[in-house]
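Written out below as structure tokens is the structure these notes cover.
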Amino acid sequence: MSKVKPAPLPPDTVIGGYRIVRKLAAGGFGVVYLAVDTEGQQVAVKEYLPSSLATRGPGELLPQVQPEKLSLYRLGLKSFFEEGRALAQISHQSVVSVLNFFRENETVYMVMNYLEGSSLQEFIITARELKKQKVFRESTIRSLYDEVLRGLRIVHQHKMLHLDIKPANIFVTDDNRAVLIDFGAAREVLSKEGNFIRPMYTPGFAAPEMYRRDSSMGPWTDIYAIGACIYASMQGYPPNDAPQRLEKDRLSLALSRLRGVYSDNLIEVVEWCMSLDPLSRPQSVFALQKELSRETERSYTKLTVAEKMRLQFDNIVSDKQKSLLRKSTDVGTKFR
């Protein structure tokens, strides 16, 4: 029997001077609301409310946390608060703007600019359902991730990591800006400290070191996720998760299907970013930006007849796997 998720705050609740309008989204670590400030400006308010640690009944304000989970709840709360304070220091059009953060109702709230548009995940799902040869044009992929990397570089310069980069957390605004949202510092702290049965990160986009408690993470960890996002923007589906790849790595085979569709350089960039060994990846965003900007040096490798026949067989196997994937999860949540 699945656990009941904590109830969101009811509309018209006032917290920290912001009036809740409605719930926008809810995940395993919190709830995001549309709210208005005292001047009537729309903002997004994110509430720390991990469903694995806290409960809350309809109409209530205070989360209820069992005594044995209280220390872990407070650890995540501290990380979430520090994340808000750090993000408030960053001003970049490709990083979500944190306007305010405060404690109330025995939890923490982060106030951000309200963005209108759609997530990259939604664009990928729409594009792949059109069943074209390319999910996105290569020029679109390069310009989109150039924007994302500009923001990520600033984040890393502030000694922060995102730790949850995926298409659902890259937001494309109505005025065509790519913005990194929903940082995962609190999620990572709880993943490392708590003994949870299910992982707290998104399979396919989490680097191998995120699955190990004793490993060190750095810019290379976010760069793995960027590579996985570029892969999804080319294939229309997420790559295999890191544990699967460590057992049997089929990344090169999957990317070989895209030879002649995307340039050799872009395919090599994805393989570089998604190296299973952290030291074999780009060690900085700058190094990746430099390689991704080599758009003028495109060359395309054509497949031989033998390679086409082998890939045709592999595609049949892959289609069976995709069919099983569709049965096991709803199409709209494959990247979540």
Scanning the range 48-66 for residues that are crowded, with 19+ Cβ neighbours inside 10 Å and in contact with a Pro (Cβ under 6 Å, 6 or more places away or on another chain), which turns out nearest to Gly84 (Cα to Cα)?
Leu49
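Table: residues versus (1) of a type in the set (Lys, Arg); (2) modelled with pLDDT under 95; (3) touching a Gly at 6+ places or on another chain (Cβ under 9 Å); (4) not in a strand (DSSP E or B).
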| position | (1), (2), (3), (4) |
| --- | --- |
| Gly28 | no, yes, no, yes |
| Leu34 | no, no, no, no |
| Ser52 | no, yes, yes, yes |
| Arg74 | yes, yes, no, yes |
| Gly84 | no, yes, no, yes |
What helices (runs of 4 or more DSSP H), lying completely within the range 191-290, carry at least 1 residues that are without any contact (Cβ under 8 Å) to a residue 12 or more places away in the chain and touching a strand residue (DSSP E or B) at 6+ places or on another chain (Cβ under 6 Å)?
none
Any hit, the range 153-174, residues being hydroxyl-bearing (Ser, Thr, Tyr) and in contact with a helix residue (DSSP H, G or I) (Cβ under 9 Å, 6 or more places away or on another chain):
no
Can you find, within the range 127-138, the residue that is surrounded by the fewest Cβ atoms within 10 Å (Cβ to Cβ) among those that are closer than 24 Å to Leu292 by Cβ and of a type outside the set (Lys, Arg)?
Gln133
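The values are calculated or read from the model by the stated rules, or taken from the named source; none is laboratory data. Predicted, not measured: the structure shown is a model, and the values here were computed from it. Neighbour counts are summed over all protein chains in view; Cβ atoms, including those assigned to glycine, are modelled from backbone coordinates with ideal geometry.
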